[in-house]
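Notes for the one structure printed next.
Here, each number is a calculation from the coordinates, and none is a lab measurement. Keep in mind the model is a prediction, meaning the values are calculated, not measured. Glycine gets a Cβ as well: all are built from the backbone with ideal geometry, and neighbour counts include every protein chain shown.
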Amino acid sequence: MKTVAEALAVVLARATLLETERVSLGNARSRVLREDARADRDLPPFDCSAMDGYALRSDEQHEWLELVGEIQAGNRDEIVLRPGECARIFTGAPIPAGANCVLMQEDAEVSGNRLKNPPCGAPTHIRRRGENCALGDLLVPAGRRLRSVDLAVLASCGITQPLVSRRPQVVHFATGNELVDPAQTPVDGQIRDCNSILIASLLAEWGGDLVHQSRLPDELENGVASILAQEGFDLLLLSGGASVGDYDYARPLLEKAGFSVAFHGINLRPGKPLLFATRGRQLAFGLPGNPVSHAVLLRLFLAPLLATMEGADASHSFLQGLVDGSAFQKGNPRESFWPCHADCEEGSYRLRPVPIKSSGDITGITNANALLRIPAGQGLQQDDPAQFLWL
Ligand code: AMP
Ligand code: MG
């Protein structure tokens, strides 16, 4: 059986880079940038004041300077200071010709239309042209999933239609005769479908476009027809039916719909029955229906797959913490990713496993903010160092 890392490598190797499109800045958050964003001008574009105060020359000989004008931010009037002169200036306003420093207004002594010449040697309070970046500097590299601060940088260099990856198109079917809509009151034998909203919400967070989502009974012929009715998607997710029970149809459903299975089953707890299949450039996961398995598998496989398709860095960023609990003293032959709560205490993360009865226990996961990694065969004791991933 493949390890998580081996299985992920197989998945990522089958991912194809998606086409690009241009979107408005307002729609670009969480999209992956596909061309380097470079400065279209020096920033600041001109020497400007860092303070509200008075622009003057530092080698001024006069004891009192005459105030000859006022320069606001946005002002384009050309003031030229001559010896014995100064100008009122505000933060962001261009420094007038002839001035080489700004006196903070808190330090100014003003009398009528005159300013007392301050002692020299004070800081200049000038932001120099190009001190932030120069024309052509790389500001946001291609491959970045754009955050709000990145959008602000793009805006400041006039990139209002950034080139980004189109969003991966995802189809999801939740399979199981027992599933009902969460708005319904289940009757005997039924349970509410909680995986569909989990997937819809994670896709919204991770940049996938959910183009179709519905529930399917455990039935082969109609299931195949439902899959075949979907066209043009990049990724198909099937929830439930991925293991080897008599009514576990994920594998035959995918095979009858023309997919070839690349692997079925990985050395992971929870989430062992994971199924991965491909049809041309279309990819499919069969996910065991247990909600905790879902949450773990989606974090481990879906997030990096979407990132790879969009041209972003897909590697898992493991952090290091110390186990706070005694849940895993004995090793398990499978590598585990266990819901835990990571808290920073005195400079290091304490990782408290959350009590979960089984991989079907969705109630426990709401108390977790991370997944604790327990290597195959290894036990973990109180205070042992361990890796974790944010959930
Ligand atoms: P399966 O993978 O189909 O064998 O399902 C494993 C367990 O997960 C069963 O107890 C199912 O009832 C449960 N399950 C499957 N799909 C869902 C779902 N969408 N929401 C909640 N529980 C599910
Ligand atoms: Mg089932």
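Selection among Ala204, Leu228, Gly265 by position relative to the dipole of segment 138-265 gives Ala204 as farthest towards the positive end (Cβ unit charges, Cα centre).
How large is the charge dipole for segment 319-390, taken about the Cα centre, if only the Cβ atoms of Lys, Arg (+1) and Asp, Glu (-1) carry charge, to the nearest 20 debye?
Numbers: 6 positive and 8 negative charges, 65 e Å.
In debye, rounded to 20, segment 319-390 gives about 320.
Cross-link partners of Lys330 among lysines, defined as those whose alpha carbon lies under 29 angstrom from its own and excluding same-chain residues fewer than eight positions apart: Lys2, Lys272, Lys357. Across all C-alpha atoms in segment 307-391, the radius of gyration and Dmax reach 13.5, 40 Å. If you average the sequence gap of Cα pairs under 8 Å that are 6 or more apart and divide by the length of the chain, what percent do you get for the contact order? Worked out over the chain, it gives 16 percent. Highest mobility in the GNM of the chain, judged by mean-square fluctuation with C-alpha springs under 10 Å and restricted to Ala307, Ala55, Ala97, is found for Ala97.
Basic side chains Lys and Arg get +1 at the Cβ, acidic Asp and Glu get -1 at the Cβ, and with that the dipole of segment 48-127 about its Cα centre reaches some 160 debye. When the chain is described by a simple charge dipole with +1 on each Lys and Arg Cβ and -1 on each Asp and Glu Cβ, the residue from Gly98, Gln161, Gly280 located farthest towards its positive end is Gly280. So how many Å³ per residue does the convex hull of the Cα atoms of segment 48-127 work out to? So the per-residue hull volume is 74 Å³.
What does the charge count around Leu235 come to, taking other residues whose C-beta lies under 14 Å from its C-beta (Lys +1, Arg +1, Asp -1, Glu -1)?
Working: positive: Arg14, Arg166, Arg167, Arg279, Arg281; negative: Asp209, Glu231, Asp234, Glu310.
With Lys, Arg at +1 and Asp, Glu at -1, the net is +1.
Modelled spin-label separation between Cys194 and Thr91, with each label point placed 7 Å from Cα along the Cα-to-Cβ direction: 4.8 nm. The charge dipole of the chain, taken about its Cα centre with unit charges on the Cβ atoms of Lys, Arg (+1), Asp and Glu (-1) only, comes to about 940 debye. Dividing the Cα radius of gyration of segment 243-316 by its Kirkwood radius returns 0.98 for Rg/Rh. Residues Glu78, Glu6 in ascending order of nearby Cβ atoms (within 10 Å, fewest first): Glu78, Glu6.
The fewest-to-most ranking of His316, His264, His294 by surrounding Cβ atoms within 10 Å reads His316, His264, His294.
Under 16 Å from a point 7 Å along the Cα-to-Cβ line of Phe263: which residues of segment 318-345 have their amide N that close? Answer for this model: 334-337.
Projected onto its three principal axes, the C-alpha set of the chain covers 97, 50, 41 Å, listed from the longest axis down.
Using r as the Cβ-Cβ distance of Glu70 and Glu205, and R0 as 35 Å, what FRET efficiency do you calculate, to the nearest 0.05? Show your work: numbers first, answer last.
Numbers: r = 49 Å, r/R0 = 1.41.
Between Glu70 and Glu205 the formula returns 0.10.
Per-residue ellipticity at 222 nm computed for the chain from its helices equals -4500 deg cm²/dmol, with DSSP H segments shorter than 4 residues left out and the rest contributing -39,500 (n - 2.57).
As an exercise, use a Förster radius of 41 Å and the Cβ-Cβ distance of Leu391 and Asp59 to find the FRET efficiency, rounded to the nearest 0.05. List each step's numbers first, then the result.
On the way: r = 61 Å, r/R0 = 1.50.
For Leu391 and Asp59, the calculated efficiency is 0.10.
Order by neighbour count: Met1, Met309, Met51, Met104, fewest other Cβ atoms within 10 Å first, most last.
Working: Met1 13, Met309 25, Met51 20, Met104 16.
Listed from fewest to most nearby Cβ atoms, that is Met1, Met104, Met51, Met309.
As a rough guide to protection, the peptides 250-259, 340-349, 33-42 ranked by mean Cβ packing within 10 Å, highest first, stand as 250-259, 33-42, 340-349. Note on the chain: GNM, Cα springs under 10 Å; of Gly69, Gly265, Gly112, the largest mean-square fluctuation is that of Gly112. Considering only alpha-carbon pairs that sit under 8 angstrom and 6 or more positions apart, the relative contact order computed for segment 1-143 is 35 percent. Between beta-carbons, use under 14 Å as the cut-off and find the net charge around Asp384, counting Lys and Arg +1, Asp and Glu -1. Residues close to Asp384 contribute a combined charge of +2.
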